[in-house]
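Here the structure is laid out as structure tokens; the discussion comes afterwards.
The values are calculated or read from the model by the stated rules, or taken from the named source; none is laboratory data. For clarity, every value in this text was computed on a predicted model and none was experimentally measured. Please note: Cβ atoms are built from the backbone with ideal geometry, for glycine as well, and neighbour counts cover all protein chains shown. Quick note on the areas: whole protein, heavy atoms, side chains included, nothing else; ligands and nucleic acids left out. Shrake-Rupley method; radii C 1.70, N 1.55, O 1.52, S 1.80 Å.
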Amino acid sequence: MLPLGTPVPDFRLPDPDGKLYGPADVADAAGLLVAFVCNHCPYVVHIAPTLGRRSRQWMDHGLAVLAINSNDIAAYPQDGPEHMPAFAQQNGWNFPYLLDETQEVAHSFRAACTPDLFLFDRERKLAYRGQFDASRPGNDQPVTGDDLDRAVQAVLAGRPVPRDQIPSIGCNIKWKPGNEPE
């Protein structure tokens, strides 16, 4: 896992329309959430509407959000850029949803699954890398986003985030053949 305190890896990725985004575009934000997601993962589908609702609240208070799809779209065409805008709209995502076609950005974050969530503070140091909440598809826990929300509230208030964090769980990123991390 990327160690807490690590500076945000720099990147510029396109959305499905070709517009490029990266951390430099949101440098004035009070914090930055980078979420590795995709369209087809049942874990992402499970949290997607609540992620949309919570993100709107966080963004209203100064947080920037960037979502990244790093899956192999040749093997998983349902994650392709032609499907990304509809998925984002359906779930109320009003933040950029970007395509990491080379998977280099996923590697730089040491992202492992979808969803994999990385929250950076005002200085763009990693403050949280963990689960959205305790819900999972089929476990009857409500989807609240409370774990991530506690971290976001601390970042927005300029307080330290507790270091005891439960890692994200979900589907493995669908790596291109030969591109799997060691």
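Some notes on this structure:
- For residue 176, a cut-off of 12 angstrom between C-alpha atoms picks up these aspartates and glutamates, skipping any fewer than 8 places away in its own chain: 72, 100, 101, 104.
- Bridge type composition, the chain - antiparallel percent by DSSP, nearest 5: 60
- The range 121-182 versus the range 21-93: alpha-carbon centroid distance in Å: 13
- For the range 89-127, applying the loop criterion from DSSP together with a ceiling of 12 other beta carbons within 10 Å to the GluC sites (Glu not before Pro) yields 123.
- Taking a ≥ b ≥ c as the square roots of the eigenvalues of the Cα gyration tensor, an a/c ratio below 1.5 marks the chain as rounded.
- Close amide H contacts of residue 31 (hydrogens built in the peptide plane, cut-off under 5 Å, sequence separation of 5 or more or a different chain): 64.
- With each label modelled as a point 7 angstrom along the Cα→C-beta vector, the residue 182-residue 60 pair spans 4.7 nm.
- Here residue 140 and residue 172 are evaluated by their C-beta separation; at R0 = 25 Å the FRET efficiency comes out at 0.55.
- Solvent-accessible area per residue, Å², over the range 6-172 with all protein chains present [probe radius 1.4 Å]: 45
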